[in-house]
Amino acid sequence: MPSDISAISVSRRRRVPVWPVPLVWTLVLGLWGLSRQDSVWRDEAATWQVAGRSASEIWAMLGNVDAVHGLYYLLMHGLFEVFGASTTTLRLPSVLAFSASAACVALIGERLAGFWAGLGGGLALGLLPAVQFYLQEGRPYALVAAGAAFSTLLLVSLLERGPGRRVWPRWAAYGTAVLVCALLNWLSLLVLPAHAATLGWARAGRGVWLRWAAYASGAVAGALPLILFSRGQSDQVSWIPPLTWHMLIGPGILLVVGGLGAWAERAGGAGRSGLPVAAVGLPLLAVPQLGLIGLSLVQPLFLDRYVLFSMVGLALLIGAALGSAVRSCAPRFPRAAGLVVPGVVGVSLLALLPVELGKRAPASRIDDVLAVAGEVARLKQDGDAVLFVPAARRDTALVSPGAFTGLSDVALAESPVASATLKGEEAEPARIRAALLGQRRVLLVTDAAKVAKSPSAERDRAKAAVLREHFAVVADRQVRGRRVTVYERRA
């Protein structure tokens with residue numbers, strides 16, 4: 001009798017698609033606390049202020065800075081034009097992208113190891129701490145993860161389908177997905193050596209290798225102009241510190257967890273397919289991480305968000321482990337087997353609740369440009385001057401221009417739009433000094449004391465010197481990583 005019940009439940013599961021549940025689950029996780037208490041931090045502020053420009057202004061800016069994010073900025077410009085500028089418009093694309101990624105993970109897991117592996121992997125993706133952070137982030141990394149997940153799903157389907165006449169549309173879709181990801185962030189091309197490792201693990205035939213090489217080469221060729229051009233803007237990443245041993249702790253833990261998932265899949269027996277999930281998930285997790293480490297030995301580039309798409313591989317391995325647990329449990333406890341995945345996911349949700357709440361709080365980011373704009377609006381008086389140290393903190397005024405109405409940006413020589421830059425062009429130190437000496441009150445917008453660095457630019461040192469010598473502090477507010485200090489001219 002138990003075997004009959006098991007067969008009936010398997011038959012029912014085969015008629016029920018697995019992907020909608022992880023998609024809706026991840027969507028709910030993403031919409032929960034989406035506004036982060038109406039906070040926007042500096043990276044998202046860059047997206048916000050660039051998306052508010054016209055397409056021609058964005059194109060002009062890309063010639064000077066941030067070319068690597070050009071496609072993303074143009075996409076967000078279109079969304080801001082249609083739906084208006086808001087935290088929802090800013091972050092919803094990331095929520096939808098990770099929801100699509102979860103659906104792809106579920107489909108891959110189901111193809112290779114059955115229903116429970118697909119369901120477990122799809123649900124696990126949205127709970128990973130790194131995904132929790134970028135699930136609600138107005139930057140392109142979630143979109144890259146969705147493209148990597150989709151291209152991996154296409155590759156798996158092509159490996160299962162085998163040679164045939166009508167495979168070229170899928171190969172074309174594969175190449176297009178890889179290319180779009182590269183145009184969003186060209187470090188996503190590290191997905192290609194991961195896929196090559198999968199082909200090697202699967203012992204793919206010569207025809208598959210040739211097709212993969214052709215479409216992969218096409219994607220690389222399409223992204224090559226962007227890669228070469230953006231290398232000329234490498235000063236943008238000059239702030240990334242050199243690789244150190246403690247920076248490898250996170251990737252090391254991920255690889256250990258991924259290895260355990262691969263071992264659990266093997267110990268639990270084969271799934272539905274001859275290709276194990278580990279052949280797809282382990283390279284997708286390990287190769288981009290190791291590849292970025294290798295690149296960082298040449299030029300410091302190691303930031304986990306650049307290979308965020310590798311979390312798709314980790315989710316696949318977690319799903320495979322859960323599927324193996326269900327298969328191991330089913331012969332002895334057939335009724336309890338169906339509770340393994342929901343139970344583990346529920347316990348994980350509760351265990352990670354502090355992390356999940358933390359990622360949705362303004363304090364999870366280094367600063368909040370909207371909060372400090374509110375302080376400026378409360379402290380300002382008409383005719384006051386305003387200074388930004390460093391100049392990049394001008395993002396507060398660019399995102400919330402209404403809060404700075406009536407203030408004179410005395411250091412600014414050319415606006416960000418006119419100069420086709422992110423922060424504008426400031427005057428020479430002597431002109432800034434002369435302009436400040438003609439002011440009665442000055443509002444200084446800078447970083448909070450706990451995150452502030454000593455001024456490195458000559459202009460910023462000149463600003464600090466004039467304020468120190470000729471002005472006195474009459475008010476000082478620090479809020480969410482930013483600081484507003486009001487200075488009045490000494491008699």
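The values are calculated or read from the model by the stated rules, or taken from the named source; none is laboratory data. These numbers come from a predicted model, not from an experiment. Neighbour counts are summed over all protein chains in view; Cβ atoms, including those assigned to glycine, are modelled from backbone coordinates with ideal geometry. For the accessible areas, the whole protein counts, side chains as well, though only heavy atoms, and no ligand, DNA or RNA atoms are used. Shrake-Rupley method; radii C 1.70, N 1.55, O 1.52, S 1.80 Å.
Sub-6 Å Cβ pairs linking a first residue in the range 110-132 that is farther than 24 Å from GLY274 by Cα to a second residue that is of a type in the set (S, T, N, Q) and surrounded by fewer than 24 Cβ atoms within 10 Å (Cβ to Cβ), at least 6 apart or interchain, are LEU127/SER348, ordered by first then second residue.
For the residues ARG231, ARG170, ARG166, ARG203, the requirement of being more than 19 Å from the chain's Cα centre (by Cα) and on the phi > 0 side of the Ramachandran plot singles out ARG203. Checking each residue in the range 145-170 for being modelled with pLDDT of 95 or more and open to solvent by 10 Å² or more (accessible area, probe 1.4 Å) picks out ALA146, GLY147, PHE150, LEU153, LEU154. Sub-8 Å Cβ pairs linking a first residue in the range 235-260 that is farther than 25 Å from LEU284 by Cβ to a second residue that is open to solvent by less than 40 Å² (accessible area, probe 1.4 Å) and of a type in the set (D, E, K, R), at least 6 apart or interchain, are GLN236/ASP66, ordered by first then second residue.
List the helices (runs of 4 or more DSSP H) inside the range 273-377, counting only whole elements, that have at least 2 residues being within 21 Å of GLY147 (Cα to Cα) and open to solvent by 40 Å² or more (accessible area, probe 1.4 Å). Please lay out each step first, then the result.
Values: elements: 278-298, 311-329, 334-337, 340-351, 353-359.
Output list reads 278-298.
Restricted to the range 151-235, the set of helices (runs of 4 or more DSSP H) holding at least 3 residues that are under 17 Å from TYR72 (Cβ atoms) comprises 168-184, 206-231. Summed over the range 114-140, the residues that are under 22 Å from GLU44 (Cβ atoms), open to solvent by 10 Å² or more (accessible area, probe 1.4 Å) and not small (Gly, Ala, Ser) give a count of 5. Selection within the range 38-96: residues that are among the β-branched types (Val, Ile, Thr) and in a loop (DSSP other than H, G, I, E, B). The member of this set that is surrounded by the most Cβ atoms within 10 Å (Cβ to Cβ) is VAL40. Scoring VAL326 on the criteria (1) under 19 Å from the mean Cα position of the chain (by Cα); (2) touching a residue at least 60 places away in the same chain (Cβ under 8 Å) leaves a single failure, condition (1).
Note on the range 206-225: residues that are open to solvent by less than 40 Å² (accessible area, probe 1.4 Å) and modelled with pLDDT under 95 amount to 2. Number of residues in the range 188-205 that are open to solvent by 10 Å² or more (accessible area, probe 1.4 Å) and touching a Phe, Trp or Tyr at 6+ places or on another chain (Cβ under 8 Å) equals 2.
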